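J.: Quick one: the structure is below, questions incoming.
A short reminder: the numbers here are calculations on the coordinates, not readings from a lab. A quick note: this is a predicted structure, and the numbers were derived from the prediction, not measured. Don't worry about glycine lacking a Cβ; one is built from the backbone with ideal geometry, like all the others, and counts go over all protein chains shown.
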Amino acid sequence: MHPLFKIAPILLLAACQTSSTGEKTGYVNTAHVVEKMKMKQAFDTKLADMKSKKQPEINYISNELESVKAEIANSKIQEADYMNELKEKRNHLYWRLEVAMKAIQDSTASYDKQVVQEMDKQILAFGKEHEYTFIFPLSTTLYADSAMNITHEVIEFINK
């Protein structure tokens with residue numbers, strides 16, 4: 001949960017009280033900002049490359065796993081040692097598949113975290129440079145006049 005969710009009601013109240021004094025308040029569609037960030041697009045390209053490089057390995061492991069599972073299910077040899085060997089092979093293949101997929105998931109999570117941190121840093125810099133008193137994420141705002149939407153300005157600022 002983003003830390004702003006905890007303090008959003010307090011900030012919104014403060015914004016409403018100070019907006020009549022001419023101080024600047026705006027909101028940003030952070031989901032849209034993330035999607036338009038050059039950094040996010042570069043990370044998406046890296047992830048796509050990683051997935052395409054890992055896909056042959058994942059396909060191979062998946063095929064081997066299916067073969068072993070079929071052999072276990074259809075085996076006429078019920079000797080304990082043989083079945084244990086097949087089950088160990090199956091478990092090892094599950095583990096290899098999990099490791100291959102976890103690498104992609106970990107990279108995705110790491111990239112997402114970096115993008116959000118950079119976005120927050122850039123929105124803060126935008127707010128200071130343009131002398132905003134408050135900038136709210138759209139996700140925590142129940143209603144705001146569309147004139148207060150600064151999403152496109154923030155995207156331009158981040159991608160310059």
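J.: Restricted to Cα positions, what overall size does segment 18-105 have along the principal axes? Three whole-Å values, descending.
T.: Rounded to whole Å, the extents work out to 84, 27, 16 Å.
J.: Tell me the GluC sites (Glu not before Pro) within segment 112-160 that lie in a loop according to DSSP and have at most 13 other beta-carbon atoms within 10 Å.
T.: 131
J.: Neighbouring Cβ atoms within 10 Å as the yardstick, rank 157, 126 fewest first.
T.: 157, 126
J.: Follow-up. Between residue 114 and residue 156, what's the calculated FRET efficiency when r is the beta-carbon distance and R0 is 22 Å? Round to 0.05.
T.: 0.60
J.: Separate question: Mind checking the full-extension length gain between residue 62 and residue 147? Use 0.36 nm per residue of separation minus the Cα-Cα distance, one decimal, nm.
T.: Full extension of this stretch gives 25.4 nm more.
J.: Test of understanding: ordering 154, 115 by Cβ neighbours within 10 Å, fewest first, what list do you get?
T.: In order of increasing Cβ crowding within 10 Å: 115, 154.
J.: Of 46/121; 36/160; 36/113; 54/113; 51/102, which pairs sit farther than 18 Å apart, going by alpha carbon to alpha carbon?
T.: Beyond 18 Å: 46/121; 54/113.
J.: How about segment 22-79: which trypsin sites (Lys or Arg not before Pro) there are in a DSSP loop, with at most 16 other Cβ atoms within 10 Å of their Cβ?
T.: Passing both the DSSP loop test and the Cβ count: 76.
J.: Using alpha carbon coordinates only, what is the Rg to Rh ratio of the chain, with Rh defined as the Kirkwood radius?
T.: Looking at the chain, the ratio lands at 1.28.
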